[in-house]
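Here the structure comes first, spelled out in structure tokens, and everything after it is commentary.
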Amino acid sequence: AGSLTEGLEHGRIATQADLSLKGPPEVFVVGDIAMITDSKTGEQLPQLGSVALQAGTHAGENISRLVKGEQTKPFEYRDKGTM
């Protein structure tokens, strides 16, 4: 993350709606380093395990789509609540 010159905000990397970088579309960012904006609220999602797990699964699905020559899909977080 430190080697990036664009998209780094407060030590996190801003992602596109599909969790990819703005530059190379084959690079995806998930986990604590990712600054993901909620498509419903427009706010940043918290650095929680549930967000990271869902984002990782979604990024994997988008990579599979790219390999097949298909379009990626935007990430939609499903808040299951916290304890």
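The values are calculated or read from the model by the stated rules, or taken from the named source; none is laboratory data. Fair warning: this is a prediction, and the values are worked out from it, not measured in the lab. We place every Cβ from the backbone using ideal geometry, glycine too, and count neighbours over all the protein chains shown. Heads up: the accessible areas ignore ligands, DNA and RNA and are worked out on the full protein's heavy atoms, side chains in. Shrake-Rupley method; radii C 1.70, N 1.55, O 1.52, S 1.80 Å.
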Checklist entry - Ranked highest first by the average count of other Cβ atoms within 10 Å around their residues, in what order do 57-63, 41-47 fall? => result 57-63, 41-47
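Assign unit charges at the C-beta atoms only (+1 for Lys and Arg, -1 for Asp and Glu), then state the dipole size of the chain relative to its Cα centre in Debye, rounded to the nearest 20.
Working: 8 positive and 11 negative charges, 36 e Å.
Rounded to the nearest 20 debye, it is 180 debye.
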Checklist entry - Residues with beta-carbon under 10 Å from that of Leu45, excluding Leu45: net charge, scoring Lys, Arg +1 and Asp, Glu -1? => result -3
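I'd like the carbon and sulfur percentage of the solvent accessible area for the chain, probe radius 1.4 Å, heavy atoms only, ligands and nucleic acids excluded. Walk me through the intermediate numbers first.
On the way: 2940 of 5660 Å².
Solvent-exposed carbon and sulfur of the chain make up 52 percent of the total.
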Checklist outcome for this item: Taking the chain and counting helices only, DSSP H stretches of n ≥ 4 at -39,500 (n - 2.57) each over all residues, the nearest-500 ellipticity at 222 nm comes to -8000 deg cm²/dmol
Next on the checklist: At 1.4 Å probe radius, can you tell me the per residue accessible area of region 29-75 in Å²?
Outcome noted: 61
Checklist outcome for this item: For the chain the mean separation of alpha carbon contacts under 8 Å (6+ apart) over residue count, i.e. relative contact order in percent, is 25
Checklist outcome for this item: Amide H contacts under 5 Å for Ile13, restricted to residues at least 5 apart in sequence or on another chain and with H modeled in the peptide plane, are Ala34, Met35
